[in-house]
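Read the figures in this text as sums done on the coordinates, not as results from a lab. Just so it is clear, the structure is predicted and the values come from calculations on it, not from any experiment. For neighbour counting, all protein chains shown are included, and Cβ atoms are generated from backbone atoms with ideal geometry for every residue, glycine included.
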Amino acid sequence: MTEVTREAFGRLPPEEGGGTVEKFTLKSDSVRVEILTLGCIVAALQTKDRHGAFADVVLGFDSLEGYTRKHPFFGAVVGRVANRIAKGRFTLDGQQYQLALNNGPNSLHGGARGFDKVLWSPEVVPSGIRFFRLSPDGEEGYPGDLKVWVTYTLHGGELAINYRAQSSKTTPVSITNHSYFNLAGQGSKDIYDHEISIEADSYLPVDDTKIPTGEVAAVQGTAFDLRAPVELGQHLQRFHLDGFDHNFCLRPGPPQRLVARARHAGSGRSLEVRTTQPGLQFYTGNNLDGSLRGKGGAAYAKHSAFCLETQSWPDAVNKPHFPDTLLRPGHDYDHTTWLLFAAA
């Protein structure tokens, strides 16, 4: 049985729109999750190790102030479109749209004030919490009034995140959660002793601004072949990689198919990811540099966490041969990702 509690977490400053930020806590026997009404942020996620000891395995901040300052989307729901859109531009039905540029020459994770920076309306549901917001026509340059629901439910060791949306005009939509994980516990110095596997036969090579070139490349014989588990530190060293920040093209299959697994041998903790989405962005915290201090005063250094962001393929709105990312009026965007935590 999942227990759901709520409490005030703080107030947004007037320049951020004001309003009270609430924190909801979902508790099962093996997992405890804290989620904020600001950006649907997963602010803490405690899981047991093989000895039954809890540790918080996601990066974040102890207070609201950390989340109102610039940070790399810790724990947040990002959208309308997760990842990058080249030059922040796309054309629909003969009309060109220009988005905010917030990542060099490109638009990233919904723009300057995406879903991660706004307050959502909460509703307690069985075993979880549902958030709602209306993203108005023209917000961050996107067309259409977009109604969005994000629902977190916890059953034992499984946290399910469902994303649903409806639009008044055709618009690109790709929503994900941007949690940074370290299964040894947040604040641990790196993720080199984690084992990772990703069920993908191909990936998307990118240019120097992280935009896919358009090629869908086979992983066979490359550093991107993660179909069998690899120890991350050894793998990065072997292939002289600075880290991963790439979309893996997931195999079609049943809706709740296994797409990735992470394991930390020292604690016995593991994370399995299942999803209905066609892509998975694997990111190894390459841009963390120790300047951000998080929970308990921890300095978050390079490669101190990883992200497994289930989503549509990046820049799909500009690449017709990528899976369609357009949501049309009268249709539902409806995707679910399941995170299964265990220890052995």
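For segment 3-149, what is the charge dipole size about the Cα centre, in debye to the nearest 20, if Lys and Arg each add +1 at the Cβ and Asp and Glu each add -1 at the Cβ?
Working: 18 positive and 18 negative charges, 67 e Å.
It works out to roughly 320 debye.
Cα centroids of segment 201-217 and segment 261-327: how far apart, whole angstrom? Comparing the Cα centres of segment 201-217 and segment 261-327, I get a distance of 16 Å. Determine which residues of segment 86-113 fall in the zone a paramagnetic label at THR170 would reach in this model, i.e. backbone nitrogen under 14 Å from the point 7 Å along Cα→Cβ. Answer for this model: 90-97. Placing unit charges on each Cβ (+1 for Lys and Arg, -1 for Asp and Glu) gives segment 143-227 a dipole about its Cα centre, and among GLY144, HIS178, LEU159 the Cα reaching farthest toward its positive end belongs to GLY144. Charges were assigned to the Cβ only: +1 to each Lys and Arg, -1 to each Asp and Glu. The resulting dipole of segment 186-344 about its Cα centre is roughly 460 debye. Over 19 Å between Cα atoms, which of LYS87/LYS319; LYS27/LYS189; LYS70/LYS117; LYS210/LYS295 qualify? Distance filter (> 19 Å) returns LYS27/LYS189; LYS210/LYS295. Its Cα gyration tensor gives segment 122-214 an equivalent ellipsoid. The semi-axes, each the square root of 5 times an eigenvalue, are 29, 25, 13 Å from largest down. Sorted from longest to shortest, the spans of the Cα atoms of segment 184-255 along the three principal axes equal 36, 34, 24 Å.
Rounded to the nearest 20 debye, the dipole size of the chain about its Cα centre is 200 debye, using +1 on the Cβ of Lys and Arg and -1 on the Cβ of Asp and Glu. Packing order of peptides 217-227, 163-173, highest average first: 163-173, 217-227 (average count of other Cβ atoms within 10 Å over each peptide's residues).
Rg/Rh, computed from the Cα trace of segment 190-310 with Rh as the Kirkwood radius, has the value 0.97. Taking the centroid of alpha carbons for each part, segment 162-196 and segment 15-29 are 18 Å apart.
Provide the FRET efficiency to the nearest 0.05 for the PHE54-VAL124 pair, computing r from the beta carbons and using R0 = 30 Å. Can you show the working numbers first?
On the way: r = 23 Å, r/R0 = 0.78.
It comes to 0.80.
Neighbours of PHE115, meaning other residues whose beta-carbon lies under 15 angstrom from its beta-carbon, give a summed charge of +1 when Lys and Arg score +1 and Asp and Glu score -1. Taken over the alpha carbons of segment 3-343 as equal point scatterers, the Debye sum produces base-10 log I(q)/I(0) values at 0.08, 0.12 Å⁻¹ of -0.34, -0.82.
Helix-only mean residue ellipticity at 222 nm, the chain, DSSP H runs n ≥ 4 weighted -39,500 (n - 2.57), per residue, nearest 500. What is it? Could you put the intermediate results ahead of the total?
Numbers: 2 runs with 12 residues, N = 344.
Result for the chain: -1000 deg cm²/dmol, rounded to the nearest 500.
Contact order, relative form, for the chain: 18 percent (alpha carbon pairs under 8 Å, 6 or more residues apart, mean separation divided by residue count). Look at the dipole of segment 10-70 built from charges on Cβ: of ALA55, THR37, VAL21, the Cα furthest out on the positive end belongs to ALA55. Annotation: extensible slack from ASP242 through ASP207 equals 11.1 nm (criterion: 0.36 nm per residue apart, minus Cα-Cα distance).
The trypsin sites (Lys or Arg not before Pro) of segment 22-89 that DSSP puts in a loop, and whose beta carbon has at most 10 other beta carbons within 10 Å, are ARG69, LYS70. Listed by Cβ neighbour count within 10 Å, with the fewest neighbours leading, TRP149, TRP313, TRP338 appear as TRP149, TRP338, TRP313.
Which part of segment 216-254 falls in the paramagnetic zone of HIS321, meaning amide N under 16 Å from the point 7 Å along Cα-to-beta-carbon? Flagged as within label range: 216-219, 249.
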